[in-house]
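Colleague: Attaching a single structure in structure tokens format; questions to follow.
The values are calculated or read from the model by the stated rules, or taken from the named source; none is laboratory data. If you're wondering where the values come from, they're calculated on a predicted model, not measured in any experiment. Here the Cβ positions follow ideal geometry from the backbone for every residue, glycine too, while neighbour counts run over all protein chains shown. Quick note on the areas: whole protein, heavy atoms, side chains included, nothing else; ligands and nucleic acids left out. Shrake-Rupley method; radii C 1.70, N 1.55, O 1.52, S 1.80 Å.
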Amino acid sequence: MSLLLRRSFVNPSSISITKALSITSLQKCGLATVSDKPFTISSPPPAPYANVNTKPPKAALKLRSGEVFHGTSFGANIPVSGEIVFTTSVVGYPESMTDPSYRGQILVFTQPLIGNYGVPGLFKDQYGLLKYFESDRIQCEAIVVNDYATRYSHWTAVESLGEWCSRHGVPAITGVDTRAIVHILRDQGSTLSKLIVGDDAANENFNKIPYTDPNTRNLVSEVSTAVPVSYNPYGDIKIAVVDCGVKHNILRSLVKRGAAVTVLPWNFDFNKISDQFDGIFISNGPGNPTKAMETVSNLRKAMNSYKRPMFGICMGNLLMGMAAGLDVRKLRFGNRAHNVPALNMVNGKCQITSQNHGYALVDDKFPPSWKKYYVNVNDGSNEGIIHKTLPYRSVQFHPEAKGGPEDTEFLFDEFIDQIRSEKVKREGTKFFVPETIDHRTAQVA
């Protein structure tokens with residue numbers, strides 16, 4: 001049996017392959033024959049391009065300390081002001097920009113190249129939660145990048161980063177020395193800034209807008225739900241989530257473990273209906289925690305009467321700490337990254353965590369019934385508290401971080417297991433026995 005293979009190269013971008021088989025030889029062996037037709041393998045289509053303006057408007061950023069940085073705009077052509085902060089995260093700019101904890105802030109990305117995988121669509125998962133975003137809108141005031149990628153490519157992308165920013169009315173500046181900005185912020189601490197676009201940027205006319213400090217506002221009330229919302233209502237345990245700016249992946253982390261979740265407004269007095277829930281969760285959120293004293297008051301009352309598990313994350317850690325009697329302080333430039341080491345003071349293990357906060361608990365002196373849970377290895381700041389006897393705990397970092405790491409996701413498992421264990425102690429073990437069919441005697445109609 002003879003087999004002959006011929007290859008002919010048409011051009012570098014396409015290859016034509018023709019196979020010729022000795023049909024006579026195959027027929028002698030009693031084998032079926034197939035005639036192959038030549039086919040062409042085309043080069044892959046080019047990645048989509050953003051709508052790039054051949055002459056993008058000029059943009060300028062000014063810090064309250066006086067430094068000015070010039071670049072070009074690729075977002076909305078409007079001036080804004082806010083607290084300027086930086087994140088060292090390498091990936092996850094859609095998640096960071098939609099994180100309610102960035103409300104009122106101008107976000108600087110230290111990762112030089114931003115926008116290379118575009119922006120995904122508003123797709124929801126089986127629980128009705130957004131798959132690729134932490135909320136339904138961009139939360140930060142503006143973004144600052146070193147090199148905006150005008151060409152993007154990703155299988156989930158539906159638009160460019162610039163198009164997304166323009167659609168949401170969020171300014172964006174590129175061509176800026178972000179390393180210099182970070183050095184300034186690390187040396188002098190977080191500060192306020194202004195970002196202007198167009199002729200005003202060319203003329204450095206920053207006087208049209210004042211410096212605005214978002215920490216003087218109650219940002220928690222701006223991002224919290226106005227009415228209760230339920231997810232996975234048929235879960236075996238019921239958890240009340242106090243919404244101070246909850247991220248969708250936090251809700252997903254609870255419901256995918258079988259919990260029925262009810263999201264409550266930040267100032268809702270859950271003590272009136274606390275007996276309906278097997279556990280209480282206090283979410284992350286933006287700004288100054290002292291602006292959410294109604295939540296602190298509700299938590300303080302709960303700690304005196306509610307003996308079921310409570311768990312807080314980020315802002316939740318601050319509010320639980322204040323309810324327990326601790327003070328808060330503003331950090332020099334905050335912790336915003338995906339690679340912050342936190343030491344567990346209970347078992348001595350160190351985990352890499354994702355963080356986004358500008359405030360921390362003052363833990364020099366602890367109330368008698370509380371102790372340190374986690375400590376930041378880099379700066380020694382508080383990263384969590386835990387009650388000595390009751391099932392209360394909280395952490396400053398994000399165990400649910402969508403962009404990773406997932407080293408501390410087990411904290412959700414511990415919280416859920418604790419809730420189920422406490423429920424069994426209260427109500428006893430309940431079994432669901434499905435209807436059984438004896439297939440040996442069952443008859444088919």
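Colleague: Mind checking whether some residue in region 171-189 is part of a strand (DSSP E or B), surrounded by 17 or more Cβ atoms within 10 Å (Cβ to Cβ) and more than 21 Å from the chain's Cα centre (by Cα)?
Modeller: Yes: one or more hits.
Colleague: Hey, can you tell me all the residues within region 221-248 that are surrounded by 21 or more Cβ atoms within 10 Å (Cβ to Cβ), at negative phi and either out of contact with any Leu (no Cβ under 9 Å at 6 or more places or on another chain) or not β-branched (Val, Ile, Thr) (or both)?
Modeller: 223, 224, 240, 243, 244, 246, 247, 248
Colleague: Quick check on this structure: which one of 365, 307 is of a type in the set (Lys, Arg), in contact (Cβ under 8 Å) with a residue 60 or more places away in the chain and not assigned by TED's automatic domain parsing to the domain that holds residue 95? Talk me through it step by step, then tell me what you get.
Modeller: Values: 365 fails: in contact (Cβ under 8 Å) with a residue 60 or more places away in the chain.
From the options 365, 307, the qualifying one is 307.
Colleague: Please specify each residue of region 295-333 satisfying the condition of being under 20 Å from residue 372 (Cα atoms), β-branched (Val, Ile, Thr) and not in a strand (DSSP E or B).
Modeller: Correct list: 296 only.
Colleague: Suppose the filter is among the polar types (S, T, N, Q), within 30 Å of residue 66 (Cβ to Cβ) and in a loop (DSSP other than H, G, I, E, B); does residue 284 pass it?
Modeller: Values: among the polar types (S, T, N, Q): yes; within 30 Å of residue 66 (Cβ to Cβ): no; in a loop (DSSP other than H, G, I, E, B): yes.
So residue 284 does not fit the description; no.
Colleague: Would you point out which residue out of 319, 299, 331 is among the hydrophobic types (A, V, I, L, M, F, W, C), open to solvent by 10 Å² or more (accessible area, probe 1.4 Å) and assigned by TED's automatic domain parsing to the domain that holds residue 279? First the steps, then the outcome.
Modeller: Working: 319 fails: open to solvent by 10 Å² or more (accessible area, probe 1.4 Å); 299 fails: open to solvent by 10 Å² or more (accessible area, probe 1.4 Å).
Just a single option satisfies the conditions, and that option is 331.
Colleague: May I pose another question? Hey, could you check region 192-220 for residues that are buried (at least 18 other Cβ atoms within 10 Å of the Cβ) and among the small types (Gly, Ala, Ser) and say which is farthest from the chain's Cα centre (by Cα)?
Modeller: 201
Colleague: Still on this structure, please answer the following. Just the residues that are farther than 16 Å from residue 400 by Cα and open to solvent by 10 Å² or more (accessible area, probe 1.4 Å), please, taken from region 94-119.
Modeller: If the condition is that a residue be farther than 16 Å from residue 400 by Cα and open to solvent by 10 Å² or more (accessible area, probe 1.4 Å), then 103, 105, 110, 111, 112, 113, 116, 117 are the ones that fit.
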